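Here's the structure we're looking at; comments come further down.
The values are calculated or read from the model by the stated rules, or taken from the named source; none is laboratory data. Just so it is clear, the structure is predicted and the values come from calculations on it, not from any experiment. Positions of Cβ are backbone-derived with ideal geometry, glycine not excepted, and every protein chain shown enters the neighbour counts. Just the protein is used for accessible areas: all its heavy atoms, side chains included, with ligands, DNA and RNA removed. Shrake-Rupley method; radii C 1.70, N 1.55, O 1.52, S 1.80 Å.
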Amino acid sequence: MSVPHRSSPHTIVVGAGLAGLACALDLCRAGQRVTLFEASDAAGGRMRTDRKDGFQLDRGFQVFNTFYPQVKRRMDLRGLRLRPFTPGLLAHMPAGAQRLTDPTRRPREAGNLLPGRALSARDLAVIGTLAARDAVLPVRAITCGTDRSTNVALARSGLSQRAVNNLLRPFLAGVFLEEDLETSARFFHLVLRSMARGTLCLPSGGIGAAPAQLTQGLPTGTLRFETPVAEVTETGVLLSDGREEPAASVVVATDTQTAARLLPGLEVPDGRTVTTYYHATDTPPPTGPILLTDSTLTILNTCVLSEVAPAYAPPGASLISTSVLGGDPPGREDAVRHRLANLYETDTSLWQRIATYTIDGALPMMRPPWPLSRTTRYAHGQYVCGDYRATGSVQGALASGTRAAREVLVDAAQVVTR
């Protein structure tokens, strides 16, 4: 058995997204020598924030949930200066817009939930029961048992098709990035649990502030930007510039396409594609910091981000985020702008298009039965982690990276004791 030279890293982690950062942090804290290679110029992977003309532009619309166990364990929430969304939705249904907020957090707005306004008394009772059940039951009660699609689970819950099509499907399409609700019901219940128990927010400095905070815990010199890896070898990695970097262990924590290239034969799920349009206006629509959904599914959701976190726009301007399924073919932005005029009941013709982000593989397709966690071991000394190895969420990415570090350490300890 060959042993790497002491000057070489004991473990190489490829990719400084959330999974790679979590893995590298845990290995460093366990006393391992680690090098984290990142192909781009900053950490975060899909969780990045760009800045343009005074606007903060997340790479696709994202929210930050304070309930996730890995978030609470790893992050200084106060340091992120979190700004909350209104706990609820402005749901645009065939009968008109309905403002539906959590009555436990906004009791003064509970009147909007009176039976007949948006939902029947039965549908309100079913939704309330689902949310309460998922909020109080142990996670094991949610994750065990037969998995099925969210669509089947909602039908079996007793919800009417009207409630599903007008409220749940439009909202969940923005969560799952698919409108058929074929996503695992296990994941749906975990999402419902996290929303019932946590707060949806945005960091004042953009969603990229979260991974940036994690990088601060890494020892100096651990993280190397603009250093793409061309190949994972039996003894380490080969960098794109031709240099070989030896390591006892290599953890691939990249997107699925890169992981499949670096680890031939690795099975990865297909991904969901989403496009987010950013528009600016001088006068914000009077909705406040709430998420809008669209029962026609012309759009997934839209929100005045600068009403949630004012730093997202420069003084005197407002920033509106709107997401749609798929890419950005010619003419689509015009259709989106037209729909936004109806949803916000305002003239959008003068809104300035600031940026467009199309994110391929924004989420993994999580069809049932979907394992909520799986081993990160790929081959001897080689590991793979990412949200597609757990759940398509911040929690999933961090948990997968955590598991990778744990398995690396267990395997290393076994080698030492032989």
Quiz item: Tell me, which residue of the range 186-229 that is more than 22 Å from residue 245 (Cβ to Cβ) and basic (Lys, Arg) is most open to solvent (accessible area, probe 1.4 Å)?
Solution: 197
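Can you tell me which residue within the range 23-57, out of those that are among the small types (Gly, Ala, Ser) and over 22 Å from the mean Cα position of the chain (by Cα), is farthest from residue 13 (Cα to Cα)?
Filtering first and then ranking leaves 54.
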Quiz item: Could you give every pair whose Cβ atoms fall below 8 Å, whose first residue belongs to the range 304-316 and is of a type in the set (A, V, I, L, M, F, W, C), and whose second residue is in a helix (DSSP H, G or I), counting only separations of at least 6 or pairs across chains?
Solution: 305/312; 313/305; 313/306
Exercise. Answer yes or no as to whether residue 298 is within 15 Å of residue 340 (Cβ to Cβ) and crowded, with 23+ Cβ neighbours inside 10 Å.
Key: no
Quiz item: Looking only at the range 198-249, which residues are within 15 Å of residue 38 (Cα to Cα) and assigned to a strand (DSSP E or B)?
Solution: 223, 224, 229, 230, 231, 232, 237, 238, 239, 245
Quiz item: Which residue pairs have Cβ atoms under 9 Å apart, sit 6 or more places apart or on different chains, and have a first residue in the range 226-237 that is at positive phi and a second that is open to solvent by less than 40 Å² (accessible area, probe 1.4 Å) and assigned to a strand (DSSP E or B)?
Solution: 236/12; 236/245; 236/250
Quiz item: Here are 51, 46, 81: which of them is of a type outside the set (Phe, Trp, Tyr) and buried (at least 18 other Cβ atoms within 10 Å of the Cβ)?
Solution: 46
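So which of 182, 178 is open to solvent by less than 20 Å² (accessible area, probe 1.4 Å) and either without any contact (Cβ under 8 Å) to a residue 12 or more places away in the chain or charged (D, E, K, R) (or both)?
Details: 182 fails: open to solvent by less than 20 Å² (accessible area, probe 1.4 Å).
After ruling out the rest, the residue left standing is 178.
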Quiz item: Tell me, which strands (runs of 3 or more DSSP E) wholly within the range 278-385 include 1 or more residues that are within 30 Å of residue 407 (Cβ to Cβ) and more than 24 Å from the chain's Cα centre (by Cα)?
Solution: 377-379, 382-384
Quiz prompt | Scope the range 230-247; condition within 31 Å of the chain's Cα centre (by Cα) and either under 18 Å from residue 404 (Cβ atoms) or open to solvent by less than 50 Å² (accessible area, probe 1.4 Å) (or both); matching residues | solution = 230, 232, 233, 236, 237, 238, 239, 247
Exercise. Take the range 319-341 and flag every residue that is in contact with a Ser or Thr (Cβ under 9 Å, 6 or more places away or on another chain) and either modelled with pLDDT under 95 or open to solvent by 10 Å² or more (accessible area, probe 1.4 Å) (or both).
Key: 325, 326, 327, 328, 332, 333, 335, 337, 338, 339, 341
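Scan the range 178-211 for residues that are of a type in the set (A, V, I, L, M, F, W, C), more than 19 Å from residue 369 (Cα to Cα) and within 15 Å of the chain's Cα centre (by Cα) and report the count.
Of all residues in the range 178-211, those of a type in the set (A, V, I, L, M, F, W, C) come to 181, 185, 187-188, 190-192, 195-196, 200-202, 207, 209-210.
Cutting the leftovers down to more than 19 Å from residue 369 (Cα to Cα) gives us 195-196, 200-202, 207, 209-210.
Still in the running and within 15 Å of the chain's Cα centre (by Cα): 195, 200-202, 207, 209-210.
Total satisfying the criteria: 7.
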Quiz item: Does the range 73-109 hold any residues that are touching a Ser or Thr at 6+ places or on another chain (Cβ under 7 Å) and not in a strand (DSSP E or B), and which are they?
Solution: 77, 81, 86, 87, 94, 109
Practice problem: Return yes when residue 90 is open to solvent by less than 70 Å² (accessible area, probe 1.4 Å), closer than 30 Å to residue 279 by Cα and in contact with a Phe, Trp or Tyr (Cβ under 9 Å, 6 or more places away or on another chain) and no when it is not. | Solution: no
